[in-house]
Amino acid sequence: MVVDPAHMNYISGFASWSYQNTQALLVPENDVEPVWIGRGVDAGGARRTTWLSVDNIVSYADFYSESHSHHAMEAVADEIKKRGWNSGRIGYEGDTYYFSPRAFFVLQKAIPEAAWVDVGLLINQLKTIKTPREIEFIRRAGKIVDNVMGVAIECVHPGMRENDLTGRIMQAQAEGTKEFGGAWPSSVPLVLTGPRAAYPHLPWTDDTIPGQTSIAFEPAGCYLRYNAALARTVSLGKPSADLVRLGDTVREGSRLRYRP
């Protein structure tokens with residue numbers, strides 16, 4: 001049972017911003033087409049984006065959503081039992097952001113006869129083997145983020161607000177290149193000015209960028225869910241001695257080859 005949105009996309013093609021609702025992809029052990037289960041409003045998206053047949057796209061009623069007395073995993077369990085897959089071992093992704101303890105307890109209670117097995121990073125390991133087509137998609141994502149970073153460096157100037165600069169970066173992410181457009185990336189662009197650059201992953205602000213400061217950029221480029229990230233630090237005005245020394249250290253480290 002796959003619940004991670006990236007893994008559902010990888011296996012079935014399902015592409016929808018719907019992970020806030022319970023959804024699952026049932027992948028049988030034998031050579032049988034997987035089954036997507038999700039909220040009714042998202043079933044159309046499954047029909048639109050996946051290669052699954054209509055019979056294997058199953059929706060549940062809205063009363064399961066945001067309910068104290070019901071949980072959508074009850075509908076998932078019902079579908080598992082309906083197809084006769086409730087015996088033997090059932091694998092689940094125990095270490096993913098989109099699978100709550102309550103969801104697991106509901107499944108265990110509904111299908112106590114099954115042996116529930118945490119598959120860990122199984123799908124992540126499978127995804128490390130890339131096809132030539134996937135490699136091409138990653139290269140396209142790399143070209144997009146290269147263009148995005150160029151836009152960020154070209155646009156930044158003193159007196160500009162961080163959020164305005166971020167907006168231009170996001171526009172470039174969506175525009176992609178002349179050959180192919182961009183998709184939503186796996187992370188929002190990070191724009192960290194001055195002292196805030198020492199703390200990674202903070203949100204942008206509406207502060208005005210001063211004339212003498214450093215800015216850390218970390219955007220991503222995305223093509224069909226394949227992402228490429230890039231990080232650069234830009235200095236407005238003369239960089240400090242510490243920043244120059246740090247830059248020299250990073251360049252030296254980049255020249256070293258990894259030896260296992």
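The values are calculated or read from the model by the stated rules, or taken from the named source; none is laboratory data. Keep in mind it's a predicted model, so treat the numbers as computed, not measured. Using ideal geometry, Cβ is built from the backbone for each residue, glycine included, and neighbour counts are taken over all protein chains shown. Remember, those area values only see protein heavy atoms, side chains included, never the ligands or the DNA or RNA. Shrake-Rupley method; radii C 1.70, N 1.55, O 1.52, S 1.80 Å.
Annotations for the structure displayed:
- Qualifying strands (runs of 3 or more DSSP E) (wholly inside the stretch 161-225; at least 1 residues being out of contact with any helix residue (DSSP H, G or I) (no Cβ under 8 Å at 6 or more places or on another chain)): 190-193, 213-218
- Subset of the stretch 51-84 [open to solvent by less than 70 Å² (accessible area, probe 1.4 Å), at pLDDT 95 or above and outside any loop (DSSP other than H, G, I, E, B)]: Asn56, Ile57, Val58, Ser59, Tyr60, Met73, Glu74, Ala75, Val76, Ala77, Glu79, Ile80
- Breaking point among (1) aliphatic (A, V, I, L, M); (2) without any contact (Cβ under 8 Å) to a residue 40 or more places away in the chain; (3) in contact with a Ser or Thr (Cβ under 7 Å, 6 or more places away or on another chain), for Ala103: (2)
- When the stretch 118-132 is filtered for residues that are open to solvent by less than 70 Å² (accessible area, probe 1.4 Å) and part of a loop (DSSP other than H, G, I, E, B), the ones remaining, listed by number, are Val119, Gly120, Thr131.
- Here Leu224 meets the list (1) open to solvent by less than 70 Å² (accessible area, probe 1.4 Å); (2) in contact with a Phe, Trp or Tyr (Cβ under 6 Å, 6 or more places away or on another chain); (3) on the phi > 0 side of the Ramachandran plot almost entirely, failing just condition (1).
- Top-ranked residue of the stretch 144-177 - restricted to ones that are free of Cβ contacts under 8 Å to residues at least 12 places away in the same chain and over 28 Å from Ala6 (Cβ atoms), ranked as surrounded by the fewest Cβ atoms within 10 Å (Cβ to Cβ): Glu154
- Residues satisfying the stated conditions in the stretch 42-63, i.e. out of contact with any strand residue (DSSP E or B) (no Cβ under 8 Å at 6 or more places or on another chain) and closer than 14 Å to Thr22 by Cα: Ala61, Phe63
- Residue count, the stretch 95-111 (criterion: at pLDDT 95 or above, touching a strand residue (DSSP E or B) at 6+ places or on another chain (Cβ under 8 Å) and either open to solvent by less than 40 Å² (accessible area, probe 1.4 Å) or in a loop (DSSP other than H, G, I, E, B) (or both)): 3
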